[in-house]
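Nothing in this text is a laboratory measurement; each read-out follows from the coordinates by a stated rule. In this text the structure is predicted, and so the values were computed from the model without any measurement. Here Cβ is always computed from backbone atoms with ideal geometry, including for glycine, and neighbour counts include all displayed protein chains.
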There are 4 protein chains.
Amino acid sequence: MSHNTFGHLFRVTTFGESHGPALGCVVDGCPPGIRLTLDWIQSFLDKRKPGQSRFTTQRREADEVEVLSGVMPGDGVGLVTTGTPIAMLIRNTDQRSKDYSEIEAKYRPGHADYAYEAKYGLRDHRGGGRSSARETAARVAAGAVARKVIAGVEIRAALVQMGRIVIDRSRWDWNEVDRNPFFCPDAEAAREMEVYLDGIRKAGSSIGAVIEVVADNVPAGWGAPIYGKLDADLAAAFMSINAVKGVEIGDGMASARLTGEQNADEMRMGNEGKPVFLANHAGGVLGGISTGQPVVARFAVKPTSSILTPRQSIDRNGQDVDVSTKGRHDPCVGIRAVPIGEAMMACVLADHFLRHRGQNG
Amino acid sequence: MSHNTFGHLFRVTTFGESHGPALGCVVDGCPPGIRLTLDWIQSFLDKRKPGQSRFTTQRREADEVEVLSGVMPGDGVGLVTTGTPIAMLIRNTDQRSKDYSEIEAKYRPGHADYAYEAKYGLRDHRGGGRSSARETAARVAAGAVARKVIAGVEIRAALVQMGRIVIDRSRWDWNEVDRNPFFCPDAEAAREMEVYLDGIRKAGSSIGAVIEVVADNVPAGWGAPIYGKLDADLAAAFMSINAVKGVEIGDGMASARLTGEQNADEMRMGNEGKPVFLANHAGGVLGGISTGQPVVARFAVKPTSSILTPRQSIDRNGQDVDVSTKGRHDPCVGIRAVPIGEAMMACVLADHFLRHRGQNG
Amino acid sequence: MSHNTFGHLFRVTTFGESHGPALGCVVDGCPPGIRLTLDWIQSFLDKRKPGQSRFTTQRREADEVEVLSGVMPGDGVGLVTTGTPIAMLIRNTDQRSKDYSEIEAKYRPGHADYAYEAKYGLRDHRGGGRSSARETAARVAAGAVARKVIAGVEIRAALVQMGRIVIDRSRWDWNEVDRNPFFCPDAEAAREMEVYLDGIRKAGSSIGAVIEVVADNVPAGWGAPIYGKLDADLAAAFMSINAVKGVEIGDGMASARLTGEQNADEMRMGNEGKPVFLANHAGGVLGGISTGQPVVARFAVKPTSSILTPRQSIDRNGQDVDVSTKGRHDPCVGIRAVPIGEAMMACVLADHFLRHRGQNG
Amino acid sequence: MSHNTFGHLFRVTTFGESHGPALGCVVDGCPPGIRLTLDWIQSFLDKRKPGQSRFTTQRREADEVEVLSGVMPGDGVGLVTTGTPIAMLIRNTDQRSKDYSEIEAKYRPGHADYAYEAKYGLRDHRGGGRSSARETAARVAAGAVARKVIAGVEIRAALVQMGRIVIDRSRWDWNEVDRNPFFCPDAEAAREMEVYLDGIRKAGSSIGAVIEVVADNVPAGWGAPIYGKLDADLAAAFMSINAVKGVEIGDGMASARLTGEQNADEMRMGNEGKPVFLANHAGGVLGGISTGQPVVARFAVKPTSSILTPRQSIDRNGQDVDVSTKGRHDPCVGIRAVPIGEAMMACVLADHFLRHRGQNG
């Protein structure tokens, strides 16, 4: 079946195709009395919006959000949530479906085309339909609301690897993230990426990336073991983003190389009655529950398969064909995954804040 | 809150602590008319059972399963499912709670002790209570039922890395997996691991591992985009296993290094009316839907923090303490995660088989 | 919390307030390949639409539906579902919020005003906000899609009681239902109701009603015991409609007066290999599963408390006040509940069709 | 499919057949730190237990509950919940399957036999299998835990009608409920029922009943509109009980006869800063949210179809047969539904307490 809702108490349902009239979301379960502005929501959509630099797709979408329900005018300025479902709508404006007519019957290798058709018996081929990354705009709108639900928590993400270029963590500077078109926290690596990605872009090729998402000030105790563990829900949330193939918490896959002595994040009693951890291999989650350390997650985004170089494939009639994609696409879809990763972190944490409060007061 | 159910149509609820009277599960939504035997279920539990070699905990548990409901006697032999909930019970027999009295008030670093107490205000300290890996026995029992639901699918797992020892994939032999105590598909690596892990075990230390799970003969079309994607549900399922810190589908984190040309799994029309894929970077999942290729996933298991070397920590009263664990533990918990990984793959696939059939007939 | 989704495989999420910009729904899990037209959906909305006769609210709403996603153009005419979420939007056009300014701080007795404010700490007072019956337009749109999912099933509803006027079942004629403004299957009772309701309307009063919903051609076997029984899901679905206070299946509350001999619906073998039932006290559901008989349910709708006669109440500041409502309202909200009851029956049955197919093939 | 879980944060999963080895439940999401005793749980099971008087089935079941998980020894006495899933087990001891061999192939009219076989293709005929009222013992155990979660709320139920005998509400005395074998609050009606039911019992017949459940001290604000309304969840909960065919909140079906003037529960400001309601037609729920008034619900239980008088039916082979049931059965199953109704009310309220706290703090 299709299943377009996630979250348990803070629940997000999204809808919409790349080339239909609109996309959007319904955020249900949001606490009442939370103050919001349209500008706040729009600011996150603008971060994800296509066409911000030469390194993202040149499709032009205003991505203007309209809030249809769940809010009242606040006293004086802005909006206040009422506790009822918040529907948000984003109209598509620059669909250019003709770009896709050529691939109506062809399955783009590495894309969801064949899988969708195998599942549903038909597919909306225009721009990937529901499988398009355009769907993620709705997640970003929901994430903007989620941030307000957990106002004390700070959520930031950065691109830490692009193809063979890996950042130097000793140069990590959060301020740098908004100064380059890659959301890269290492200025030097960002300069390298610029040259590197220009080459890829001009060749009509594409490249993968790794995004790191960090949530500071998450209180200890969030998470719903055993099957609603905080890290399990984060893993699902990140893996559900288009093109993601791997998810890590803390040391992630590298944990396999550690000994027990290295891996144990030692504790000492801090001055504020909370433990001080001497390391964070666990990424802020133990037993599926937040420990009060920063929650640290990473996910890998594969390169888009929409490239100029012809690749071998088949079509709906079972004929061998070659496919090359001439539509407007991102040379590194990982870049725009940065605000999406933040949004998913925000939604998962908001949900677990409410779930924890439900059971534990 | 706690949340101890997973799956949507094939739904598994588990319960039980390490040192309580029993643990078990309720499998709901299983199709009727499926033939089962107790021996079948027991065979998988025996694979996960502690004490099978000197490389796993010496706790002695028979792990004998009792089926309490949801089945009738089959015609002649075995059992047949009735479509009602299948409850399975495993009594604990070798609890030895005294081993744990020393750590009642101490938080073991790298364990869930502190997090559980931060969440719930109290915790069952005996053997880790609910956070113990003993809970996974219930998953294995559920997985045995799940395998019968998707009888045509073959699910196998193997340990592909232990600490610094990584297998050579050119030597992969599934038959080898049952011939060494590590479920390792590379006989040569297995011999290395034996020496390596003996050293770790004798030092009272521990080490991490990577498990690979492969499902063959999964039909194209399973998965429930956008938030019930097959890979998203697998990511949550594997991440919910104790000590797992990373999950990969197909090329996983390494996808970040690929170009679009490398990453696109090209297709040609095969003789049986199905596409032949020329590569499987995607791990059998595109757009969150199975493609008909083998579904390939990996997860990293961190080393247990239950080690002899004292580590710095705090206790419930906010005092600095040192902790070393003398209870019986696994030097490499990743080994016993192999049958658990298979079980989770089986449960997720069974669920998606039913979900797909629900929407698409 | 708020919880605005129902259904398990055929899942409906609604949003929108009476006096906000729009309301609508997202229908998720709909099978692909189903043919629909806008006219089809609109025809059910028109049945529920206000202002159809002098016996319903004079608010003027076009209730024009826009389908935003989840469909493609069909071959030639109409639309075809793609299996992805179907979002439907209905703009509000005749809000007249000023009518409600007087009751901003007052709690209308018998309304949800006080309860909403007790729950959320604030409320959208304009027209009842989310608690308004306008929300049900979204259900009717979803119901129109649901009917196509279970195309062989015929779903009809009728008003069988208004205040003290109860229909004579021997005069039941389904054709009559569309010939009077009450959806009443008994022409003679309908004539009585016309006089009766005119009196109530002119007095600025209101009156309750009972609606009966019948589904013919439901196959035996739908329902998900024990907690997803077909009748339990129907009970929740009908009770969730505004102003409903009672739900009955088959003989309903009158079952309490029957003996076992009277109550047992006897069976004989029919000619088509299916049993023939000699009675239908059970209303087509036994053990929570459909039997192949018509599914028969009834629900009682209380009179709206929006009446001209002043009633005692309090306001937000804890002062005693008198309240009378001068906004446009229905003298008998039960009338417009007829298409809503049909829609809920359709959605519940569509969901159980898919759920049954998921488990049982 | 089968679906044996209910509740959202306070989640109950039950399992077990009438004539299998055991039945039980898993209660998930229970807050930690709640004190319980086995005696407390057992006291409710004893109320529901068969064989308490000559008016209930003579099957002898100890119905002794064992708590398998989710609790620790309390300080000194009793148990304390840990926040993890609480599994409770009740062994069957007096199955006497031979009583049922005769009806293995026959469908008892008015029972779930035919429906189960139509759904699943097979059925566990022994004592009705999963459709037996024995399943409700598990609900009662869960309800005992739920009561502790909402310790301030008082939940009581009573039998208010048996066949043609309806109580006189002016004689309602809660103390009377435990003094007669019918849980009847009207001593005079109880005496009538004794004679009446003896006649039915001796004739091998059966009769229906109506149960009323009242929850006092429910705070205003519980309920999750629009589809998790408090009354909608109650309707589903009661309708899921065996043999229930109608559910009412407040005035229920009689609401159809009321005018708006009669129906509006007027309010005046009380001394304690809370409104005083001058009537309770709404049964304590408006807009799906509790108002602070007593929550009042009723449900009708049909008579069991297990009677001595032969009834027409068919068998598995499509042959016409006559069926009469000689197994041990209740002449009025409604009696034992009293503690079950209380348990369902307790579980639903506990769930909504936690859900409300999740969203609204």
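Segment A:169-197 and segment C:212-286 have Cα centres spaced 66 Å apart. Here the Gaussian network model covers chain B, with springs between Cα atoms less than 10 Å apart; of B:Gly341, B:Gly287, B:Gly16, B:Gly287 fluctuates the most. Look at the dipole of chain B built from charges on Cβ: of B:Gln262, B:Met72, B:Gly358, the Cα furthest out on the positive end belongs to B:Met72.
In terms of its alpha-carbon gyration tensor, segment D:117-234 comes out oblate; a/c meets the 1.5 threshold, while b/c is at least as large as a/b.
Magnitude of the Cβ-charge dipole of segment C:206-277, K/R +1 and D/E -1, about the Cα centre, nearest 20 debye? Walk me through the numbers on the way to the answer.
Numbers: 5 positive and 10 negative charges, 33 e Å.
Using only the charged Cβ atoms, the result is roughly 160 debye.
Fully extended, how many nm does the chain gain between C:Val166 and C:Lys326 (0.36 nm per residue separation, minus their Cα-Cα distance)? Walk me through the numbers before you get to the answer.
Details: separation 160, 0.36 × 160 = 57.60 nm, distance 2.93 nm.
Net length gain for the segment: 54.7 nm.
Across identical copies of the chain, A:Ala187 has label-point separations of 5.8, 8.9, 9.1 nm, listed in ascending order, with the point defined 7 angstrom from Cα along Cα→Cβ.
The order of B:Lys148, D:Lys302, going from fewest to most other C-beta atoms within 10 Å of their C-beta, is B:Lys148, D:Lys302. Inter-part distance, segment C:133-164 to segment B:1-53, computed on C-alpha centroids, equals 42 Å.
List the trypsin sites (Lys or Arg not before Pro) in segment D:1-63 that DSSP assigns to loop (not H, G, I, E or B) and whose Cβ has at most 14 other Cβ atoms within 10 Å. Which are they? Walk me through the numbers before you get to the answer.
Values: sites: D:Arg11, D:Arg35, D:Lys47, D:Arg48, D:Arg54, D:Arg59, D:Arg60; in loops: D:Arg54, D:Arg59, D:Arg60.
The qualifying sites are D:Arg54, D:Arg60.
For a straight C-alpha distance cut-off of 22 angstrom, the lysines reachable from D:Lys326 (same-chain residues fewer than eight places away being disregarded) are D:Lys49, D:Lys98, D:Lys106, D:Lys202, D:Lys302.
Loop-resident trypsin sites (Lys or Arg not before Pro) (DSSP state other than H, G, I, E or B) in segment B:199-255 with no more than 14 further Cβ atoms inside 10 Å of their Cβ are absent. Rounded to the nearest 20 debye, the dipole magnitude of segment B:104-226 is 520 debye, with +1 charges on Lys and Arg beta carbons, -1 on Asp and Glu beta carbons, and the Cα centre as origin. Between copies, A:Glu66 shows label-point distances of 0.5, 6.2, 6.3 nm, shortest first, with the point placed 7 angstrom from Cα along Cα to C-beta. For the residues A:Ala203, A:Ala343, A:Ala189, a GNM of chain A with alpha-carbon springs under 10 Å puts the largest fluctuation on A:Ala203.
Are there GluC sites (Glu not before Pro) in segment C:229-291 that DSSP puts in a loop and that have at most 15 other Cβ atoms within 10 Å, and which ones? Please report the intermediate quantities before stating the final value.
Working: sites: C:Glu248, C:Glu261, C:Glu266, C:Glu272; in loops: C:Glu266, C:Glu272.
Sites meeting the loop and neighbour criteria: C:Glu272.
For B:Trp222, the residues whose amide H sits under 5 Å from its own are B:Ser290, ignoring neighbours fewer than 5 places away on the same chain, with H placed 1.01 Å from N. Within straight-line reach of A:Lys148, meaning a Cα separation under 17 Å, sit the following aspartates and glutamates at least 8 residues removed in sequence or on another chain: A:Asp28, A:Asp39, A:Asp216, A:Glu342, A:Asp351. I need the shape label for segment C:135-196. Rule: rounded when a/c is under 1.5, else prolate if a/b > b/c, else oblate, with a, b, c from the alpha carbon gyration tensor. Here segment C:135-196 falls in the prolate category. Annotation for segment C:298-323 versus segment D:335-360: alpha-carbon center distance of 28 Å. Sorted shortest first, the separations between the A:Gly273 label point and its copies elsewhere in the assembly read 2.6, 7.0, 7.3 nm; each point sits 7 Å from Cα along the Cα-to-Cβ line. Along segment D:335-342 the Karplus relation, 6.51 cos²θ - 1.76 cosθ + 1.60 evaluated at θ = phi - 60°, assigns HN-Hα couplings of 4, 6, 6, 4, x, 5, x, 4 Hz to successive residues, with x for each Gly and Pro.
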